[in-house]
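Peer 1: Mind having a look at this structure? Questions to follow.
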């Protein structure tokens, strides 16, 4: 039996944020891939950058379009590799997606090769969401090695966790979109000074997330002292229920989105208090399950989450060129 011919794909390089029509096609492609894989192929920050004009100077994308004579998918866009520029000192990121119907046909390698004509692949670190075998092989082909594991952990509804014991001199309250933005950006930068991705969030990044459908200030909890200073926070998120012909029904799931404590308040147990407060908020919504992301080598956090009833669910892997790993 003869193998099916490889599809004819043309690749277009786009610097900066894509035009609305291209972004619309990309979102359809991402949805098809997530439905098939159970994982979003691009990180949330990359999606924010693709929609944000201020990030335009950082973006380079290679977009693969199918020949006009093939109508097997609803859009001509069948693959994309999106990079956020970096350098040797501060590497950028690379993420990619190929339509499920056109995998194992050389499109992924072609996209990366094309991207390499516009920027130095040696300054990028690549995320493989779900770390499928094909992603690992592709990384090896281009001289990348794994350097980081990001676990997704999950806890089913009804798991008993202790109630938070909030210190008397601290109040936990909901985020106020009208007044708390600048204070939170500063607290976040302090809490994650050693975390390049999270600590670099700006007012624009915050505004972009606040404009998303999932944003709910009631689930964005702040721990403040008597003077009103933000000492820590727990930002929760709810992923809506989905119905997919491929993967079936998916109930809404809550996420421990990000927990942070400023340096002056670290080591006081405030992080655990905030974690429990966020879990209590999500439990009050009647969700079937909760999930979170945590670095596999963050031993204290993994131990805490296991103790609370979370178990390892899935894994994302970051790859870096061997020279950076």
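Peer 1: Mind jotting down a quarter of the surface of the convex hull over the alpha carbons of the range 9-149, in square nanometres, one decimal?
Peer 2: Projected over every direction and averaged, the Cα hull of the range 9-149 covers 8.1 nm².
Peer 1: With springs only between Cα atoms under 10 Å apart, run a GNM on the chain and tell me which of 227, 135, 280 wobbles the most.
Peer 2: The residue that fluctuates most here is 227.
Peer 1: For the chain, what is the percent of antiparallel DSSP beta bridges, rounded to the nearest 5?
Peer 2: Percentage antiparallel, nearest 5: 90.
Peer 1: Can you sort 233, 215 by how many other beta carbons sit within 10 Å, fewest first?
Peer 2: In order of increasing Cβ crowding within 10 Å: 215, 233.
Peer 1: While we're looking at this one, here's another question. Compute the helix-to-body angle for 299-308: its Cα long axis versus the longest principal axis of the chain, expressed 0 to 90° and rounded to tens.
Peer 2: 70
Peer 1: Among DSSP beta bridges whose residues both lie in the range 9-149, state the antiparallel percentage, nearest 5. Please list the in-between numbers first.
Peer 2: On the way: 20 of 23 bridges.
Given both bridge residues lie in the range 9-149, the antiparallel proportion sits at roughly 85 percent.
Peer 1: Shape call for the range 158-287 from the C-alpha gyration tensor, a ≥ b ≥ c root eigenvalues: rounded (a/c under 1.5), prolate (a/b greater than b/c) or oblate?
Peer 2: It is oblate, given that a/c is not under 1.5 and a/b is not larger than b/c.
Peer 1: If you restrict to DSSP beta bridges whose two residues both lie in the range 72-190, what percentage is antiparallel, to the nearest 5?
Peer 2: Beta bridges within the range 72-190, antiparallel portion: roughly 65 percent.
Peer 1: What number, in percent, do you get for the relative contact order of the range 9-149 if the mean sequence gap of Cα pairs under 8 Å and at least 6 apart is divided by its residue count?
Peer 2: Worked out over the range 9-149, it gives 25 percent.
Peer 1: Right, next: Cut-off is 10 Å between beta-carbons; in what order do 281, 129, 234, 195 appear when sorted fewest neighbours first?
Peer 2: Final ranking by Cβ density, sparse to dense: 195, 281, 129, 234.
Peer 1: Based only on the alpha carbon positions, what is the Kirkwood hydrodynamic radius of the chain, in angstrom?
Peer 2: The answer is 21.3 Å.
Peer 1: By how many degrees, 0 to 90 and rounded to 10, does the Cα axis of helix 181-191 deviate from the longest principal axis of the chain?
Peer 2: Helix 181-191 and the main axis of the chain meet at about 90 degrees.
Peer 1: Hey, what D do you get for the range 19-99 in µm²/s if you plug the Kirkwood alpha-carbon radius into Stokes-Einstein at 20 °C and 1.002 mPa s?
Peer 2: On the way: Rh = 13.4 Å.
This corresponds to a translational diffusion coefficient of 159 µm²/s.
Peer 1: Quick check on the exposure proxy: order 210, 96, 291 from fewest to most C-beta atoms within 10 angstrom.
Peer 2: 210, 291, 96
Peer 1: How much mean residue ellipticity at 222 nm does the chain get from its helices, if each DSSP H run of length 4 or more adds -39500 (n - 2.57) and you divide by all residues, to the nearest 500 deg cm²/dmol? Walk me through the numbers on the way to the answer.
Peer 2: Working: 9 runs with 91 residues, N = 325.
Calculated mean residue ellipticity at 222 nm is -8000 deg cm²/dmol.
No value in this document is a laboratory result; all are computed from the given coordinates. Please read these numbers as outputs of a predicted model, since none were measured by experiment. Glycine also receives a Cβ, built like all others from the backbone with ideal geometry; neighbour counts cover every protein chain displayed.
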